[in-house]
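First the structure, in the form of structure tokens, and then the observations on it.
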Amino acid sequence: MYLTRMELDTEKRATRKLICSRSKIHGMVESAFSGGRDRRLWRLDTLRGGLYLLILSEEKPQLASAVLTYGVPEAGFVTKSYDTLLERITAQSRWHFRLVANPTLSKSRASTGKRGQVCGCVGVGQQEDWLRKRAEAHGFQVGEEDFRVVGNDWHTFYKQETRERKKAEKRVLLREATYEGVLTVTDVDKFKELLCNGLGRGKAYGMGLLTVMHLA
């Protein structure tokens, strides 16, 4: 596995148009790889005033063209092996984490006999509960005071960008929540799988990628 970071130049018109559409970013990310579309994990991060694109993938991306169009040429992009991090994961180890996710809940339709309607978790309380409930199944635990929701946003876009957006089924509306805090690994294999495969819905559109930094 490889983790790649590319700085985006928000002074460029092309970049401003790109970051306004999660569908366009998804297409740009997938075009950096040969073969079929595997929905690699990615997300946008702000660090020291700069905007960065992170990509987690099984092969190294080819981003030279993307850097010229959207990035900072003198900075280029940096790709590092993710396996080094995975090898450091041990039971009961503690890590600082950051997660951008699409927390959802299913509203019951018992009266109609249909499957529950999936909706975005709007309140911070719902979003925190969403993460706690999924922690054990993914090999980690977080205490009540160990993390917080530091960002919320809505994303509206179309799967296929067209001049006439008449087909409502192509419109996508996603709730984004950003989590930061400290977690403890309880199951090494499950946690490694989480790091590689992400958490929740919306993975093709910049959500689900959890990154960690070892807590001394």
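Of the set (1) among the hydrophobic types (A, V, I, L, M, F, W, C); (2) more than 24 Å from residue 177 (Cα to Cα); (3) at pLDDT 95 or above, all apply to residue 110 but (3). For the range 162-187, a tally of residues being open to solvent by 20 Å² or more (accessible area, probe 1.4 Å), in contact with a Gly (Cβ under 7 Å, 6 or more places away or on another chain) and at pLDDT 95 or above returns 2. Scanning the range 192-203 for residues that are modelled with pLDDT of 95 or more and under 20 Å from residue 129 (Cβ atoms) gives 194, 198, 199. Hey, does the range 46-57 have a residue that's within 15 Å of the chain's Cα centre (by Cα) and basic (Lys, Arg)? Within the range 46-57 (the criterion being within 15 Å of the chain's Cα centre (by Cα) and basic (Lys, Arg)), the answer is no, since none of the residues qualifies.
The residues on offer are 43, 13, 39, and the sole one that is at pLDDT 90 or above, surrounded by fewer than 17 Cβ atoms within 10 Å (Cβ to Cβ) and either at negative phi or not aliphatic (A, V, I, L, M) (or both) is 13. The set of residues in the range 136-150 that are open to solvent by 70 Å² or more (accessible area, probe 1.4 Å) and acidic (Asp, Glu) comprises 136, 144, 145. The residue pairs whose first member lies in the range 186-202 and is free of Cβ contacts under 8 Å to residues at least 60 places away in the same chain, whose second member is open to solvent by 30 Å² or more (accessible area, probe 1.4 Å), and whose beta carbons are closer than 8 Å, counting only pairs six or more residues apart or on different chains, are 190/137; 190/138; 193/138; 194/138. When residue 24 is tested against (1) surrounded by 13 or more Cβ atoms within 10 Å (Cβ to Cβ); (2) closer than 12 Å to residue 7 by Cα, just one condition goes unmet, and that condition is (2).
Taking the criterion of being surrounded by 11 or more Cβ atoms within 10 Å (Cβ to Cβ) and either over 20 Å from residue 209 (Cβ atoms) or modelled with pLDDT of 95 or more (or both), the residues of the range 89-107 that qualify are 89, 91, 93, 94, 95, 96, 97, 98, 99, 100, 105. Across the range 151-161, the qualifying residues are those that are under 20 Å from residue 201 (Cβ atoms) and open to solvent by less than 100 Å² (accessible area, probe 1.4 Å), and the one among them that is modelled with the highest pLDDT is 151.
The values are calculated or read from the model by the stated rules, or taken from the named source; none is laboratory data. A quick note: this is a predicted structure, and the numbers were derived from the prediction, not measured. No Cβ is skipped: glycine too gets one built from the backbone with ideal geometry, and neighbour counts run over all protein chains shown. With ligands, DNA and RNA removed, areas are computed over all heavy atoms of the protein, side chains included. Shrake-Rupley method; radii C 1.70, N 1.55, O 1.52, S 1.80 Å.
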